[in-house]
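The block underneath contains the structure these notes are about, expressed in structure tokens.
Taken together, the values in this text are just the output of simple stated rules run on the coordinates, not laboratory data. Source: prediction; values computed, not measured. Cβ: placed from backbone, ideal geometry, glycine included. Neighbour counts: every protein chain shown.
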Protein chains: 2
Amino acid sequence: MAEPGMAGGVAAGDRGVEQTFGRAAAVLDALADAREGGLRFTDLVGATGFSKATVHRLMAGLSAHGLVEADPGSGRYFLGFRLAAWGAAARDRHGLAERAAPALRRLAEQTGDTVYLSLRIGVLSLCVARHEGSFPIRALPLKPGDRNALGVGSGSLAMLAFLEPEAAIERVLADPENIAARERRGIDEAHVRRHVAATRRKGHTFVDDLTPGMIGMGLPVPGRGGQPVAAVSIATISARLRQPRRKAVLEHLAQAVREIRGILGEAPGLEFAR
Amino acid sequence: MAEPGMAGGVAAGDRGVEQTFGRAAAVLDALADAREGGLRFTDLVGATGFSKATVHRLMAGLSAHGLVEADPGSGRYFLGFRLAAWGAAARDRHGLAERAAPALRRLAEQTGDTVYLSLRIGVLSLCVARHEGSFPIRALPLKPGDRNALGVGSGSLAMLAFLEPEAAIERVLADPENIAARERRGIDEAHVRRHVAATRRKGHTFVDDLTPGMIGMGLPVPGRGGQPVAAVSIATISARLRQPRRKAVLEHLAQAVREIRGILGEAPGLEFAR
DNA sequence: GCTTGAGTTCCGTTAAACGGAACTGTATTC
DNA sequence: GAATACAGTTCCGTTTAACGGAACTCAAGC
């Protein structure tokens, strides 16, 4: 939960419009975090800090419209499948994942490893596509739909490190939403800063200290304004990215970036994403 | 929609809870249908039938919480990326797509064609996973997140045709939601009935009249109660499913079904889906 | 100039969201 | 088997914000 404790606390600023949506979003966020096991009524009350009556009303409304579903046996709540349809449309609203698929598939075949396409959404990174290669050990640190703090992970870091001017990087690192997402993963700011510096030096990201034995590299995809709007990255086991293979992989990555950059030119509704 | 207006003297009835969510859902449905181009304010007013003031208030609330986003240039609305995160979690709320991935990947490799995993959601079918094979011509009639009327498409049909008792099939075919989804694709009931009959005769689905040149086969995955809760299907070009290859492919499909059936046993929150 | 369509704001009415509290139901404990 | 604790539901008086009609701005297009 992004909400720092503060039971029932309504943020000062947004007072006035559609408070209910914020509450519904808090519930859905909690359920999304819970993933497999679902959440009981009381868990939701605890997670959101809303009163029991409010949560009860909220759940009745949400489940009436298929946004959540309740297991009649256990009474546990899950996200509803109606969200799945919206989510698919949202992720692919510009057809990017679909249109970038050939380039990513080729990259996965060339390298044999798992490749990712991520998008910058404000101060977060959203994974929109994942393609697996043929190498029998697969590195799968994230999957389509996952969000991360900008700066955490090889693709996400690529988008942060090449923001211009550098003050923009500071702004991201100071943003509460970014901080919250970072802390959820237990990554401190100094760590990200070190990575940013190294990335700007090298021209690409190289992350080997996030998951033991796993390694990732990424390159930013610049949008029309030159700012990074997406990233292509690869994840594999440490042994598979030593020189000289590393250099070859980077070239393949760069090739994919060029292709996807071309696709971006045609895509509407991308650059304005928050 | 179809709201008669009438502000005064509403009979006690079931009138009451969370009307706003229904309106929000209508807006999001409209935007999901619109896909790539987004929708203007007026389009939304037209599509939903709500007053301009209502839509305006709704959009302000939704965009304040990242559920929709507006292109500052054109003023067009798109689904927000926050939905993408929820959608991914909803689709994979039981970890099925993730856990079934090895079986599906193997099936795609064995056959070289595109394979699908679908789930039954009430009277609809939801595609939860797609794995592409190596054959250079790929049949991609649907993608993860897509919904279809139960009975339309090889996977979806497999779940309908093996419902027991047969009266349950009638109930699905008579359901307004099923009818609406079917009509959206321009498929009439008699057509589905013919397919159901043929499927029950053969023991698997065989669909070659939905998209010219394309062919699909599917098998149901029975849940704990014996009712089909999921389906594994394959899509390819017509030339690739003649005998004797067809028989071999069917055996691979059956093997994948066995594996996924085992996984289903462990999955919580599946059987109760609506 | 006038007209037309898109989008925004205002405002009085009224439905519905709100939370405290009382309530039911079901395990758990001694 | 009374006592306790926790999960979940319902009730109700108060408060809030959702509601739509209408008036408004703004920018084309004729």
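From least to most packed, judged by other beta carbons within 10 angstrom and beginning with the fewest, A:His94, A:His131 follow the order A:His131, A:His94. Applying 0.36 nm per residue to the separation of B:Arg106 and B:Arg35 and subtracting their alpha-carbon distance, the gain on full extension is 22.4 nm. Does anyone have the angle between helix B:19-34 and the longest principal axis of chain B? Alpha-carbon axes, 0 to 90°, nearest 10? Long axis of B:19-34 versus the principal axis of chain B: about 60 degrees. Our summary of shape: the Cα atoms of the protein assembly as shown have principal axis extents of 69, 67, 43 Å, ordered from largest down, in whole angstrom.
Taking the Cα centre of chain B as origin and assigning +1 to Lys and Arg Cβ atoms and -1 to Asp and Glu Cβ atoms, the resulting dipole is close to 660 debye. Here is the result for the range A:57-154: no trypsin sites (Lys or Arg not before Pro) lie in DSSP coil with at most 14 other C-beta atoms within 10 angstrom of their C-beta. Across the options B:Gly22, A:Ala24, A:Ala168, the greatest Cα extent toward the positive end of the charge dipole of the protein assembly as shown (unit charges at beta carbon of Lys, Arg, Asp, Glu) belongs to A:Ala168. Counted by Cβ distance under 11 Å from A:Ser156, the other residues give a net charge of +3, where Lys and Arg count +1 and Asp and Glu count -1. Mean residue ellipticity, 222 nm, helices only, the protein assembly as shown: the sum of -39500 (n - 2.57) across DSSP H runs of n ≥ 4, divided by residue count and rounded to 500, is -14500 deg cm²/dmol. Other residues lying with their Cβ under 9 Å from the Cβ of A:Thr236 contribute a combined charge of +1, Lys and Arg counting +1, Asp and Glu -1. Gain on full extension, evaluated as 0.36 nm per residue between B:Leu140 and B:Lys202 minus their Cα-Cα distance, stands at 19.9 nm. For A:Phe206, B:Phe162, B:Phe78, B:Phe135, the sequence from fewest to most other C-beta atoms within 10 Å is B:Phe135, A:Phe206, B:Phe162, B:Phe78. Counting only Cβ charges, +1 for Lys and Arg and -1 for Asp and Glu, the dipole size of the range A:153-222 around its Cα centre is about 200 debye. Taken residue by residue and averaged, Cβ atoms of other chains lying within 10 Å of the Cβ of B:62-70 number 5. Distance between the pseudo-spin-label points of A:Ala64 and A:Glu166 (7 Å out from Cα toward the beta carbon): 5.6 nm.
By the count of other C-beta atoms within 10 Å, a proxy for reagent exposure, A:Asp43, A:Asp208 are ordered fewest to most as A:Asp208, A:Asp43. In order along the range A:207-213, the phi-based Karplus estimate (6.51 cos²θ - 1.76 cosθ + 1.60, θ = phi - 60°) of 3J(HN,Hα) comes to 10, 10, 10, 9, 10, x, x Hz; Gly and Pro are listed as x. Only the Cβ atoms of Lys and Arg (+1) and of Asp and Glu (-1) were treated as charged; on that basis the dipole of the range A:83-239 about its Cα centre amounts to roughly 280 debye. Using θ = phi - 60° in the Karplus curve 6.51 cos²θ - 1.76 cosθ + 1.60, the 3J(HN,Hα) couplings for the range B:247-258 round to 5, 5, 4, 4, 5, 5, 4, 4, 5, 4, 4, 4 Hz; x is entered for Gly and Pro.
If r is the Cβ-Cβ distance from A:Arg224 to B:Arg194 and R0 is 41 Å, what FRET efficiency results, to the nearest 0.05? Taking R0 as 41 Å, the efficiency between A:Arg224 and B:Arg194 is 0.20.
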